[in-house]
1. Of a type in the set (A, V, I, L, M), crowded, with 22+ Cβ neighbours inside 10 Å, in contact (Cβ under 8 Å) with a residue 24 or more places away in the chain and more than 16 Å from the ligand (Cβ to nearest atom): is that true of residue 414 in this structure?
2. Condition (residue is more than 22 Å from residue 297 (Cα to Cα), among the acidic types (Asp, Glu) and out of contact with any Cys (no Cβ under 9 Å at 6 or more places or on another chain)) applied to region 257-273: is it met by at least one residue?
3. From the list 434, 519, which residue is modelled with pLDDT of 95 or more, over 31 Å from the mean Cα position of the chain (by Cα) and β-branched (Val, Ile, Thr)?
4. Please verify whether residue 276 is more than 25 Å from the chain's Cα centre (by Cα) and among the hydroxyl-bearing types (Ser, Thr, Tyr), treating the condition exactly as stated.
5. Residues of region 474-518 being assigned to a helix (DSSP H, G or I) and among the basic types (Lys, Arg), which ones?
6. Kindly indicate the residue of region 427-457 that is touching a residue at least 60 places away in the same chain (Cβ under 8 Å) and within 12 Å of the ligand (Cβ to nearest atom) and also farthest from residue 392 (Cα to Cα) among those meeting that condition.
7. Being closer than 16 Å to residue 236 by Cβ and within 26 Å of the chain's Cα centre (by Cα) is the requirement here; does residue 195 meet it?
8. Restricting to region 267-282, what's the tally of residues that are over 13 Å from residue 316 (Cβ atoms) and without any contact (Cβ under 8 Å) to a residue 60 or more places away in the chain?
Amino acid sequence: MSQKREDIFASISNKSSDTEFFSPVPKGYVKGKTKYVVVLGTVMSGLGKGIFSSCVAKLMQDKGLKVSPVKLEGYLNMDSGTLNPFRHGEVFVLDDGMECDMDLGTYERMLNLDLSKQNFSTNGQVFSSVLKTERGGGYLGRDVQVIPHVTGEVKRKLRVLARDSEADVVFVEIGGTAGDLENAFYIEAMRELANEEGDSNCCFVALTYILAPQTLGEQKSKAAQLGIRELLQKGIQPSIIACRCEEEVTEQVREKISLFSNVPFSNVFSMHDSKSIYLIPAMLRDSGVDFSIIKMLGIEDKIDLRKERSEWEKWCDFTDRVTKDHKNEVTIGITGKYISVRDSYASISNAIEHCEAWLGCKVNVEWIEVTDITPENTEAALRGVDGIIVPGGFGVRGTEGKIECIRYAREHDLPYLGLCLGFQMAVIEYARNVCGIKDANSSEIAPNCGSAVINLLPEQKKIEGLGGNMRLGGRDVEIKKDTLAYKLFGDEQTARLRFRHRYEVDPEYIEQLQNAGLVFSGKAPNHPIMQILELPEHPYFIGTQAHPCLTSRPLNPSPMFLGLIVAAMKHKYPGIYPEDVSTLVKKAVRK
Ligand code: GLN
């Protein structure tokens, strides 16, 4: 979030110890211009607050309202960069380089928006800003406290977002569950915000969970009631309750919740499990929750129903494809270190789902455990797959197995897509087995290897410490004319992709690799940083130093993923698709 000194200090109008109030309002903020929808969780976390919030935001965006989401995280890390995806799910990277929670990916996909660091906050960011202000004399005369100073900082951040995004509605998603100590001051800040902004400018939504134990065979509302009571105790009266459950929540259970929570029955909604996240906007739209919130916030006059009609038509065209029975089916093998937690690869799963819809082809994912792979058992491990993805990753474990899988794909015309680490492994494989550089490796994996074809660039080596030398965020990639990449990206010479890596192809080896037939079809403008590789003689062998899954959107799927699935279809059903991969990709998205 913008930390401009003038913002912080100009907004602190009451520095002295004369008053107990502390509510920083940044310069240029107009009260009432932006409305706030605050989404909180009760009973348990992981209910899909981000999904609910992004779907309602999408329904509002369709109606011509400008929306901006923000996720408030309860941990002390400054960002998600150092979190293990195994514990916390995928690290999502925004265009401005912010490493954040995977929910931001849900927002970007659902809203088709590029978000920024203003849309993500952690306790670490909040406290660090408060301490910086304190050291700068910003609170002179006062003992600095959680209330009002930390809560004040949260309100300030939200108001800066509202001002800078010029949003009609800011969607605030509070991480965790009501009752967690680490999120308590966020909830308190929201209570204060609602009080300061005025009733009709804030709407609280409680997401809750309805238990349905199999032994009882019925839905039970007690845990939900207790969870909502926790919010009421904190001074938050929800206006909307969304009930998560496997099956649709019965009228009786919703009545009970209404009775105990002061929320009218008409505002207690069911948000039950759905085959795809992309079908949830329709479920919520049918229930009318979007209009309930619009009415509560008094913004009916701002909505454009004509725009909503055309946006909804486009969306339904996509969701019709999601629900259709697909006539073809392929299997993609993904080599993954974090295979026991699917959330670690959330964006890849999403990018594949986008392809399934656009290509009318079901994709079965087979997770390949690579730690035990050897040249002898690779064929058996890859039996039945029509294509492989080697995704991003860090560290040594499993890298030799990945290289073996890539060798197999290259030698047996099996479609291949390498993402970041998968790009680097493809370079190492080619260097070893085609160029004959037997000791080729990455200096991340083997710091003392003889031929570090994947290496830190000299400028990067100077930057000490992990994290400082990561290339993060959106970058333009210069694409070579008439290559596969060029055709896949719609005959464009530039593509914007997202990056999160430290190592890259050492420029010393580029010529040797190219002379042996490897084509670098994408590179950084003005720098010898290789970003896309391909093998022209292979049916589909492409790798990128970027993470194209991060920018695959339902209505704008990633061309590299589309290419892989099309190539897998050609592999599975030989002779049925006579056109080449890029022509089939172009046709599929033009339909
Ligand atoms: N570990 C590799 C690097 O740092 C690849 C990173 C990734 O796959 N995200 O360059």
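1. Numbers: of a type in the set (A, V, I, L, M): yes; crowded, with 22+ Cβ neighbours inside 10 Å: yes; in contact (Cβ under 8 Å) with a residue 24 or more places away in the chain: yes; more than 16 Å from the ligand (Cβ to nearest atom): yes.
So residue 414 passes the test.
2. Pass one, region 257-273, residues more than 22 Å from residue 297 (Cα to Cα): 257, 259-260, 272-273.
From what is left, the residues that are among the acidic types (Asp, Glu) are 273.
Now drop any that are not out of contact with any Cys (no Cβ under 9 Å at 6 or more places or on another chain), which leaves none.
Taking every residue of region 257-273 in turn, none turns out to be more than 22 Å from residue 297 (Cα to Cα), among the acidic types (Asp, Glu) and out of contact with any Cys (no Cβ under 9 Å at 6 or more places or on another chain).
3. Values: 519 fails: over 31 Å from the mean Cα position of the chain (by Cα).
Result: 434 is the single residue among 434, 519 that is modelled with pLDDT of 95 or more, over 31 Å from the mean Cα position of the chain (by Cα) and β-branched (Val, Ile, Thr).
4. So residue 276 does not fit the description; no.
5. Of the residues in region 474-518, the ones assigned to a helix (DSSP H, G or I) are 484-488, 507-515.
Selection gives 487 alone.
6. Among them, the one singled out is 457.
7. Values: closer than 16 Å to residue 236 by Cβ: yes; within 26 Å of the chain's Cα centre (by Cα): no.
So residue 195 fails the test.
8. Kept after step one, since they are over 13 Å from residue 316 (Cβ atoms), are these residues of region 267-282: 267-277, 280.
Now drop any that are not without any contact (Cβ under 8 Å) to a residue 60 or more places away in the chain, which leaves 267-270, 272-275.
The total comes to 8.
The values are calculated or read from the model by the stated rules, or taken from the named source; none is laboratory data. Predicted model, so just to flag it, every value in this text is computed and none were measured. With ideal geometry, Cβ positions are generated from the backbone for all residues, glycine too; neighbour counts draw on all protein chains shown.
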